[in-house]
Amino acid sequence: MLAEMKYINTSHSFPVVASRSRLSTLSTPIDQATGSSDIQMAKSNQHATLVTIDIDSYPSRHAYGARTSADFSREQAEKGESDIAQATSRHTQEAMQNIESVGKKGASARAVAAYTNQFWSSVSRSRRIEAQAIPDPTITVNPSRVEGEPDTGKCEYSIDTHAGVPSSTEFNEGSFELYTKDKGYIRRWISIGGYDTNA
């Protein structure tokens, strides 16, 4: 009796729902600003000159008798002019005296005495020594100096913002979609003598 008994078998599957999605994207390519610089370091461009000492010993050497060619020429010219003037004056006076005294008694003796006195007077002048202080040399000290102009250098910056270059914006719209991946089912059948477990 059990062997002829009927059984109802049921087999089913659930519906499966799936989704597909894509994210929205926004693209905005922009040229970045660029910067540049021009830098020159500052420089002193200065230097100190050495201390110099100028010594003019000419006054001292001149007092000792040292002469330059210019000094010697000038002094001899002045001495020559002076000697000519003195000699001319002296000879003129002597000639006048000789003219006036010529033929007079004792004229020859007076002339000899005058020339003798003139000779010894010249000898006395040449033997005279004059003591004079020797001047000190002239010393000039030129102090050190700072020469040159400092260079302050420069520091320049420039920024290029790429003004006038248009930027673009691109928007990609996203999506979201639901769909039935498996519809599912319900199936029934009858088996005799037991449940159909292998179905």
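Of everything in region 54-78 that's basic (Lys, Arg) and in a helix (DSSP H, G or I), which residue is surrounded by the most Cβ atoms within 10 Å (Cβ to Cβ)? Please lay out each step first, then the result.
Just the residues of region 54-78 that are basic (Lys, Arg), to begin with: 61, 67, 74.
From the residues that got through so far, the ones that are in a helix (DSSP H, G or I) too are 61, 74.
Details: 61: 14, 74: 12.
Within region 54-78, the match that is surrounded by the most Cβ atoms within 10 Å (Cβ to Cβ) is 61.
For residue 98, indicate whether it is open to solvent by less than 100 Å² (accessible area, probe 1.4 Å), over 30 Å from residue 29 (Cβ atoms), modelled with pLDDT of 85 or more and not charged (D, E, K, R). Full working, then the answer.
Values: open to solvent by less than 100 Å² (accessible area, probe 1.4 Å): yes; over 30 Å from residue 29 (Cβ atoms): yes; modelled with pLDDT of 85 or more: no; not charged (D, E, K, R): yes.
Spelling it out, it is not the case that residue 98 is open to solvent by less than 100 Å² (accessible area, probe 1.4 Å), over 30 Å from residue 29 (Cβ atoms), modelled with pLDDT of 85 or more and not charged (D, E, K, R).
Restricting to region 1-40, name every residue that is hydroxyl-bearing (Ser, Thr, Tyr) and closer than 27 Å to residue 173 by Cα.
Correct list: 19, 21, 24, 25, 27, 28.
Cβ-Cβ under 7 Å, sequence separation 6+ or interchain: first residue in region 136-153 and over 14 Å from residue 45 (Cα atoms), partner assigned to a loop (DSSP other than H, G, I, E, B) and open to solvent by 100 Å² or more (accessible area, probe 1.4 Å). Which pairs?
144/50
Being part of a loop (DSSP other than H, G, I, E, B), under 30 Å from residue 149 (Cα atoms) and either open to solvent by 90 Å² or more (accessible area, probe 1.4 Å) or in contact with a Phe, Trp or Tyr (Cβ under 9 Å, 6 or more places away or on another chain) (or both) is the filter here; which residues of region 21-45 pass it?
41
Of the numbered conditions (1) at pLDDT 70 or above; (2) open to solvent by less than 70 Å² (accessible area, probe 1.4 Å), residue 122 satisfies every one except a single condition; which is it?
Condition not satisfied by residue 122: (1).
The values are calculated or read from the model by the stated rules, or taken from the named source; none is laboratory data. Model, not experiment: these values are computed from the prediction. Neighbour counts are summed over all protein chains in view; Cβ atoms, including those assigned to glycine, are modelled from backbone coordinates with ideal geometry. Accessible surface areas use protein heavy atoms only, side chains included; no ligands, DNA or RNA. Shrake-Rupley method; radii C 1.70, N 1.55, O 1.52, S 1.80 Å.
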